[in-house]
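The values are calculated or read from the model by the stated rules, or taken from the named source; none is laboratory data. These numbers were taken from a predicted model, which means no experiment stands behind them. Backbone-built Cβ (ideal geometry, glycine too); neighbour counts: all protein chains shown. Only protein heavy atoms, including side chains, enter the accessible area calculation; ligands, DNA and RNA are left aside. Shrake-Rupley method; radii C 1.70, N 1.55, O 1.52, S 1.80 Å.
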Amino acid sequence: MIAIIDYDAGNLKSVEKALNHLGKETLVTREAQKILAADQAVLPGVGAFGEAMEHLRRFGLVDVIREFAGSGKPFLGICLGLQLFFESSEESPGVEGLGLLRGKIKKLPGDAGLKIPHMGWNSLEIMKGKRLFQGVDQGAYVYFVHSYYLEASDPAVVAAVTEYGTRIHAAVERDNLFACQFHPEKSSETGLRILKNFAEMTE
């Protein structure tokens, strides 16, 4: 069972549909015991960093998420979910993230003549040996919608990068923690392969 964490941040249905398409059993929930009992969890989301953290606190999910992350079970953050895994964001100064991984979320530079938010398909430079990207071709295209990007503190956690006015840490993995700035559930066959890789991981 894969728990899809519901904290009123949207994008749940498309993630649920993609995982169900892969034959995986899912449960959209914000109930602590159901999340902690799941074999895997996904934190999706679109929206603002500060508002999302406020929702997580209001629903009592911050400690639940940290406990799940510490359990060793596979845990995937998508888009805003990736950003929440980290310490802070320029979008919401003074708001602490979940702090599961070290790094900061920064605003995409608008001085390169590129449209912000970044919406569209970009190719990935995939680091060697990353479990999330097994069977995914180097340079594969995935779909992004974001105005802020990750700058991870530890280069070792970076699983894939892309370029959009700056070098973006597009995906990370460390132990049981995985996250993508792009939307695998909207990234055609490449995205389904990434979700399949995650869904087939065991502790």
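Scanning the stretch 6-37 for residues that are at negative phi and assigned to a loop (DSSP other than H, G, I, E, B) returns D6, Y7, A9, L22, K24, E25, R30, E31. Scanning the stretch 133-144 for residues that are open to solvent by 50 Å² or more (accessible area, probe 1.4 Å) and either touching an Asp or Glu at 6+ places or on another chain (Cβ under 8 Å) or at pLDDT below 95 (or both) yields a single hit, Q138. Of all residue pairs spaced 6 or more apart or on separate chains, those with beta-carbon atoms under 8 Å, a first member in the stretch 120-132 that is surrounded by fewer than 14 Cβ atoms within 10 Å (Cβ to Cβ) and a second member that is among the charged types (D, E, K, R) and part of a strand (DSSP E or B) are R131/E173.
Each row is one residue, and each column tells you yes or no for (1) over 20 Å from L192 (Cβ atoms); (2) without any contact (Cβ under 8 Å) to a residue 24 or more places away in the chain; (3) among the basic types (K, R); (4) in contact with a helix residue (DSSP H, G or I) (Cβ under 9 Å, 6 or more places away or on another chain).
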{"position": "K34", "(1), (2), (3), (4)": "yes, no, yes, no"}
{"position": "G50", "(1), (2), (3), (4)": "yes, no, no, no"}
{"position": "L82", "(1), (2), (3), (4)": "no, no, no, no"}
{"position": "K104", "(1), (2), (3), (4)": "yes, no, yes, no"}
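Restricting G47, G94, G113 to those that are open to solvent by less than 60 Å² (accessible area, probe 1.4 Å) and either under 18 Å from H169 (Cβ atoms) or part of a loop (DSSP other than H, G, I, E, B) (or both) reduces the list to G47. Checking each residue in the stretch 61-88 for being within 21 Å of F182 (Cα to Cα), of a type in the set (A, V, I, L, M) and outside any helix (DSSP H, G or I) picks out L76, I78. Do we have any residue at all in the stretch 148-161 that's in contact with a helix residue (DSSP H, G or I) (Cβ under 7 Å, 6 or more places away or on another chain), open to solvent by 30 Å² or more (accessible area, probe 1.4 Å) and part of a loop (DSSP other than H, G, I, E, B)? No: the stretch 148-161 contains no residue that is in contact with a helix residue (DSSP H, G or I) (Cβ under 7 Å, 6 or more places away or on another chain), open to solvent by 30 Å² or more (accessible area, probe 1.4 Å) and part of a loop (DSSP other than H, G, I, E, B).
Would you confirm, using the coordinates I've provided, whether D39 is in contact with a strand residue (DSSP E or B) (Cβ under 6 Å, 6 or more places away or on another chain) and surrounded by 15 or more Cβ atoms within 10 Å (Cβ to Cβ)?
Working: in contact with a strand residue (DSSP E or B) (Cβ under 6 Å, 6 or more places away or on another chain): no; surrounded by 15 or more Cβ atoms within 10 Å (Cβ to Cβ): yes.
Judged against the criteria, D39 is not a match.
With respect to L101, determine if the residue is open to solvent by less than 70 Å² (accessible area, probe 1.4 Å), touching a strand residue (DSSP E or B) at 6+ places or on another chain (Cβ under 8 Å) and assigned to a loop (DSSP other than H, G, I, E, B). Criteria met by L101. Just to be sure, is K24 farther than 17 Å from A179 by Cβ, basic (K, R), over 14 Å from the mean Cα position of the chain (by Cα) and surrounded by fewer than 18 Cβ atoms within 10 Å (Cβ to Cβ)? When the stated conditions are applied, K24 does not pass them. Note on the stretch 7-60: residues that are of a type in the set (D, E, K, R) and under 21 Å from G72 (Cα atoms) total 6. Which members of the stretch 165-194 meet the condition of being open to solvent by 20 Å² or more (accessible area, probe 1.4 Å) and either of a type in the set (S, T, N, Q) or part of a loop (DSSP other than H, G, I, E, B) (or both)? Selection gives G165, T166, D175, N176, S188, T190. For the stretch 134-147, the tally of residues that are in contact with a Pro (Cβ under 8 Å, 6 or more places away or on another chain) and part of a strand (DSSP E or B) stands at 3.
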